[in-house]
1. Label Glu5 and Leu90 with points 7 Å out from Cα along Cα→Cβ: what is the distance between them in nm?
2. I'd like to check one number: the per residue accessible area of the chain, probe 1.4 Å, reported in Å² as a whole number.
3. Please report Rg over Rh for region 56-142, where both radii come from the alpha carbon positions and Rh follows the Kirkwood definition.
4. Please list Cys46, Cys86 from largest to smallest accessible area, probe radius 1.4 Å, with all protein chains kept in place.
5. Can you return the lysines within cross-link range of Lys13? Criterion is Cα-Cα under 26 Å, with same-chain partners fewer than 8 residues away left out.
6. Within the chain, what whole-number % of the accessible surface is contributed by carbon and sulfur, with the 1.4 Å probe and all protein chains included in the calculation?
7. If you project the alpha carbons of region 28-83 onto the principal axes, what extent comes out on each, in Å, largest first?
Amino acid sequence: MLTYENLGLQFKKRWIFQNLAGQIAPGEMVGILGPNGSGKSSFLRCLAHLITPNTGLVSWDGKPMATYSSEELSKYRSYARADIACRWDLKVEEVLSLYGPVHKTKIHDTLTWVKGETLWNKQFNQLSGGEKSLVMLALSLI
């Protein structure tokens, strides 16, 4: 269970968010809505312990995230940016294969699960932003 209490993040002298509290159970799907610049990505980065909040505590299974090593955290979290660029002219399948020895069936099944099966043989650099996001989601799941 991911728990966050009194979470607050300040940038310069402006609070991005304050006093957030809640919990997310394993397997639970959660959506975060808000206008551009409202702190959605910053909130997620705090939950994933990619940035440190100014106030509050984020815990996984009752243990503060700050006490986990990077290796331990890699077993519980994944983060993929939507604005990723690829400097090589690679197909989606090749991009997804770069991140370790993964069987092609697993790559294809995961891409299908995120509704990106039509992207398999497309050039990554020619995808739309939304299509790249699907590929990055598949990468996170793989």
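1. Here the answer is 4.2 nm between the modelled labels.
2. 66 Å²
3. Rg/Rh for region 56-142 comes to 1.06.
4. Cys86, Cys46
5. The reachable lysines, counting only those whose Cα sits under 26 Å from Lys13, are Lys40.
6. The nonpolar share, carbon plus sulfur, comes to 54 percent.
7. That works out to 32, 25, 22 Å along the principal axes.
The values are calculated or read from the model by the stated rules, or taken from the named source; none is laboratory data. Just so it is clear, the model here is predicted, and its values are computed rather than measured. Here Cβ is always computed from backbone atoms with ideal geometry, including for glycine, and neighbour counts include all displayed protein chains. Surface areas here come from the heavy atoms of the whole protein model, side chains and all, with no ligands, DNA or RNA. Shrake-Rupley method; radii C 1.70, N 1.55, O 1.52, S 1.80 Å.
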